[in-house]
Amino acid sequence: MVGEDLVPLDGLGQRWGDPEVETTKLFVNAGFDLNDSVELYGNFGYSDNSTISDFFYRGPVLDPEHEFGARPTLQKDENGDFMPDPAPQSLINSITAQGLNPSDYLVADGSSPSGYVLRNPIYTQFPGGYNPQFGADIEDISVVFGARGELASGMSWDLRARSAENEVSYVLKDSINPSLGALSPTTFKPGTLTQEESSVNADFVQPIDVAAFSSPLNLAFGAEWREETYKIGAGDEASIAVGPTAAIFGVGSDGFQGFPTEAEGSYSSESVAAYVDLEADVTDQLTLGAALRFEDYDLFGSTSDWKLSARYDFNEAFALRATANTGFRAPTPGQVNTLNVTTTAQAGGGLIPSGTYPVDHPLAQALGSTALNPEESTSFTLGAVINPLDNTSITIDYYNIDIEDRLALRNNKIGAAEVAMLTNAGIADADLLLDSNVNYFTNAFDSEVSGIDLAITSDFDLAGGLLTVDLRHNYNQQEVTKVAPNTINATRVFDFENQVPSQRSTLTFDYDTGGILAGYLRFNRYGDWESTGGQLEADGNDTSNATSYGAEILTDIEARFTLAENYTIALGGENIFDVEADEEGDGTLQFLGARQSLTSPFGFNGGFWYLRASANF
């Protein structure tokens with residue numbers, strides 16, 4: 001109807017697959033011996049990544065004979081006749097009262113009583129529709145500097161400082177702010193997110209002779225200072241502007257609205273920690289270990305975590321081992337302080353702000369938000385080490401991890417009762433929130449992860465080289481419990497528990513001549529899994545439409561050639577037989593263009609071949 005050349009992406013309309021990525025990376029690692037016992041060391045890393053992808057296709061305005069519904073950002077058509085509705089006189093009066101020209105925001109039409117219709121004049125720039133290109137420029141910088149050495153007493157020490165920054169600058173192209181009409185730019189800068197981390201560490205290890213033990217007692221201890229900073233940079237004015245037709249066509253840059261100015265800020269968290277670790281061969285057969293770590297956060301208080309370990313060698317062929325420990329993860333400054341609000345228009349034309357608010361925001365507090373607690377875990381493992389032959393070793397371990405107070409968004413649908421409650425709590429213009437969603441992070445659920453790890457490794461002398469055969473298998477199960485209301489729904493719980501295959505196996509044949517030639521052949525088996533449509537489901541608690549996907553085996557191969565001892569060329573492929581997952585079972589995702597399962601643990605791009613060269617000096 002409009003010509004393939006006018007439709008985005010060479011007539012395809014939208015992209016389904018990997019984004020375009022251009023990356024530059026640099027890493028420098030160096031060391032310098034001051035003397036026989038002290039070394040200075042450091043490293044520097046830099047990467048620059050430009051990524052661009054696309055949102056869903058936005059249909060153009062066409063003649064009514066084609067019976068094609070235009071994107072609502074371009075045309076309002078309530079009666080479905082594929083023609084724009086008349087613009088109300090009140091809207092025209094509002095635009096002119098602001099000293100603006102209605103022709104910049106609406107299309108003139110003499111058949112309308114007001115002289116204008118609800119068609120966005122920017123539609124002429126997109127005769128084949130538009131597809132916002134969304135991406136980011138990502139810059140990552142890290143530097144480490146330290147010194148390490150050994151004292152005359154045998155104590156080894158390591159002092160180091162680290163600083164790193166990751167900045168994500170979002171970009172949006174080929175899009176519009178529909179409320180700005182013909183005055184809208186088509187390129188936006190929706191904002192930036194920056195994560196900064198700095199730390200100073202001191203670690204010491206001292207062997208201590210204990211007459212009763214079979215080996216020296218290994219005493220390790222140290223301390224750490226750490227600061228984490230999260231910064232939000234507001235989007236450019238056009239990405240968040242509210243034009244005079246916002247209630248008709250929508251507001252903000254279409255696809256990804258800019259971060260509002262009230263979200264802009266810098267948020268930091270500091271912590272200090274100390275630890276001590278003891279380990280020794282108590283007897284020739286028994287090894288015991290214990291560790292204790294204390295950490296104090298300026299935002300979340302203090303915590304003490306511990307670890308106990310033991311190994312008993314019955315003989316050279318058989319040993320048992322076990323560990324038990326606790327863990328701790330504090331909420332990040334980003335989770336505590338994120339403010340990301342998207343404004344949409346309701347059926348009646350009113351603007352509705354929906355989004356995620358910090359837990360200490362008055363709006364979130366009025367709805368019951370509380371300070372976030374750290375996630376805490378308790379885990380244990382029990383395993384065996386078996387050496388049935390001189391060239392073969394077997395390990396098998398059972399693990400169980402309980403995690404409490406996991407973080408997730410709490411979703412609050414604002415109805416009339418909530419509006420009244422917010423008004424009574426002193427929230428200004430609470431009526432504008434009617435029918436919107438107000439979300440904030442909360443400690444939402446607990447989970448238990450358990451499984452078995454099996455590893456069998458054998459070495460063989462073959463044709464002047466060494467062949468290593470390595471078989472690994474993992475069985476893993478996750479169970480979600482104690483779900484707080486209005487957080488993760490039944491489909492999310494189902495996906496948490498079933499979306500990752502419970503069975504995963506890898507068989508590798510690695511061959512190395514110790515000279516020119518080396519390489520491997522690997523088989524990867526992913527067990528079956530199940531998945532729902534998640535947030536695409538009309539009822540988030542209906543899991544009856546979950547789809548089962550079958551197990552698959554993928555094959556990888558690589559050959560490496562070493563030249564003049566310092567230069568290596570590697571030629572290889574991943575998934576060389578181009579194995580694909582079963583077809584996507586969710587009807588909505590099928591309609592949107594997905595062919596293979598989007599939740600496939602090995603992706604949906606098929607095979608991948610590469611050539612790599614490296615040099616060591």
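The values are calculated or read from the model by the stated rules, or taken from the named source; none is laboratory data. From a predicted model like this one, the values you see are computed outputs, not experimental measurements. Here the Cβ is made from the backbone with ideal geometry for all residues, glycine too, and neighbour counts use every protein chain on show. The protein model used for the area step is the full one, side chains on, heavy atoms only, and it has no ligands, DNA or RNA in it. Shrake-Rupley method; radii C 1.70, N 1.55, O 1.52, S 1.80 Å.
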Look through the range 542-561, keep the residues that are open to solvent by 70 Å² or more (accessible area, probe 1.4 Å) and in a loop (DSSP other than H, G, I, E, B), and return whichever of them is farthest from Ser531 (Cα to Cα).
Ser544
Condition broken by Asn218, with the remaining ones in (1) buried (at least 16 other Cβ atoms within 10 Å of the Cβ); (2) in contact with an Asp or Glu (Cβ under 9 Å, 6 or more places away or on another chain); (3) not hydroxyl-bearing (Ser, Thr, Tyr) satisfied:
(1)
Of all residues in the range 54-76 being free of Cβ contacts under 8 Å to residues at least 40 places away in the same chain and either assigned to a loop (DSSP other than H, G, I, E, B) or closer than 24 Å to Gly252 by Cα (or both), which is most open to solvent (accessible area, probe 1.4 Å)?
Glu67
Wholly within the range 472-533, strands (runs of 3 or more DSSP E) carrying at least 2 residues that are among the β-branched types (Val, Ile, Thr)
503-512
Is it the case, given these coordinates, that Ala564 is closer than 27 Å to Leu462 by Cα, without any contact (Cβ under 8 Å) to a residue 24 or more places away in the chain and open to solvent by 60 Å² or more (accessible area, probe 1.4 Å)?
yes
Would you pick out the residues in the range 480-510 that are of a type in the set (Asp, Glu) and farther than 17 Å from Leu554 by Cα?
Asp495, Glu497
Within the range 583-606, can one find any residue that is basic (Lys, Arg) and either within 30 Å of Leu467 (Cα to Cα) or over 27 Å from the mean Cα position of the chain (by Cα) (or both)?
no
Expected single match for open to solvent by less than 50 Å² (accessible area, probe 1.4 Å), at pLDDT 95 or above and over 30 Å from Trp529 (Cα atoms) among Ser450, Ser377, Ser458 is Ser458
Hey, among the residues in the range 474-504 that are closer than 30 Å to Ile576 by Cα and in contact with a Phe, Trp or Tyr (Cβ under 8 Å, 6 or more places away or on another chain), which one's most open to solvent (accessible area, probe 1.4 Å)?
Val500
Under the condition of being out of contact with any Lys or Arg (no Cβ under 8 Å at 6 or more places or on another chain) and of a type in the set (Ser, Thr, Tyr), which residue from the range 12-60 is modelled with the lowest pLDDT?
Tyr57
Hey, does the range 13-35 have a residue that's surrounded by 12 or more Cβ atoms within 10 Å (Cβ to Cβ), assigned to a loop (DSSP other than H, G, I, E, B) and touching a Ser or Thr at 6+ places or on another chain (Cβ under 7 Å)?
yes
Given the conditions (1) touching a residue at least 40 places away in the same chain (Cβ under 8 Å); (2) of a type outside the set (Gly, Ala, Ser); (3) closer than 30 Å to Arg148 by Cβ; (4) not in a strand (DSSP E or B), report the number of the one that Pro8 does not fulfil.
(3)
